[in-house]
Amino acid sequence: MISYLKGNVVDRGENWLLVEAGGIGYKVFVPAETLLASKAGEAVELFCHHHFSQDSQALYGFTKKSDLELFEMIISISGIGPKSALSILSKARSEEIEKAIRDGDAALFTAISGVGKKRADHIILELRPKLGLTGRQEEIVGSEAEKVWAALQNLGYRRDEVAEVIKKMPADLSSDSERIKWVLRNLYR
């Protein structure tokens, strides 16, 4: 498994660099910022993720180890592959991504092709605890709290009865049914 490359840039493409290291050329997919900063003939050091799938393998490289770690957190989310993760890291720097996650700002993610509002909310919900960010569920994804409220309203609950419990709802609940069950279990405690 290749996890680090140090060599010279031989060629560049739309989203990749060809890096010669030890007489071997490696095609490495990189974020836009790395691509723009790299020129043919210049030395480059990349922290790499060697991705294997059923019918192929690819290298994804990052100049900072923290970017690699964020990339690996993103691809650990169900339904998010390395190409989508690379698109996210090409759209914004890791600090901006972390801020968007902290603020529950789905707009950064929905600007990426193939990522809709629901998937963006899911990314925020999944990454928030992995990045050690804390906060109330409604701050993470307001629409998720509204879905829970709507379901409880259909069951006959008043907003003032459930509002405080919904505010305390943990961020790591991954489905509407889990959130509703959690609120119902904690309603009269």
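Read-outs throughout are calculated quantities, based only on the coordinates presented, and are distinct from any laboratory measurement. As the structure is a computational prediction, the values presented were derived from the model and not from experiment. Every residue, glycine among them, receives a Cβ derived from its backbone with ideal geometry; neighbour counts consider all protein chains shown.
Where in the chain is the longest stretch that carries no GluC sites (Glu not before Pro) classed as loop by DSSP and with at most 16 other Cβ atoms within 10 Å?
Longest stretch, sites excluded: 43-189.
Once you sort the root eigenvalues of the Cα gyration tensor of segment 65-134 as a ≥ b ≥ c, which label holds: rounded (a/c under 1.5), prolate (a/b larger than b/c) or oblate (the other case)? Rounded. Compared with the direct C-alpha span, the chain from Lys83 to Asn8 gains 24.6 nm at full extension, assuming 0.36 nm per residue. A Förster radius of 41 Å, combined with the Cβ-Cβ distance separating Asp103 from Ile24, puts the computed FRET efficiency at roughly 0.45. Each Lys and Arg Cβ is given +1 and each Asp and Glu Cβ -1; about its Cα centre, the chain then shows a dipole of about 420 debye.
For the chain, the longest principal axis of the alpha carbon atoms and the long axis of helix 82-91 meet at an angle near 90°.
To the nearest 0.05, how large is the calculated FRET efficiency for Gln54 and Ala163 if R₀ is 41 Å and r is the Cβ-Cβ distance?
0.30
A DSSP coil position with no more than 11 other Cβ atoms inside 10 Å describes the following trypsin sites (Lys or Arg not before Pro) in segment 7-62: Lys39.
Estimated purely from DSSP H runs of n ≥ 4, each contributing -39500 (n - 2.57), the mean residue ellipticity at 222 nm for the chain is -14000 deg cm²/dmol once divided by its residues. Approximating the spin labels as points 7 Å out from Cα along Cα→Cβ, the Asp172-to-Asn154 distance works out to 2.8 nm.
Could you work out how far helix 117-130 tilts from the main Cα principal axis of the chain, as a 0 to 90 degree angle to the nearest 10? Helix 117-130 sits at roughly 80 degrees to that axis. Taking the longest Cα principal axis of the chain as reference, the axis of helix 176-186 is set at about 50 degrees.
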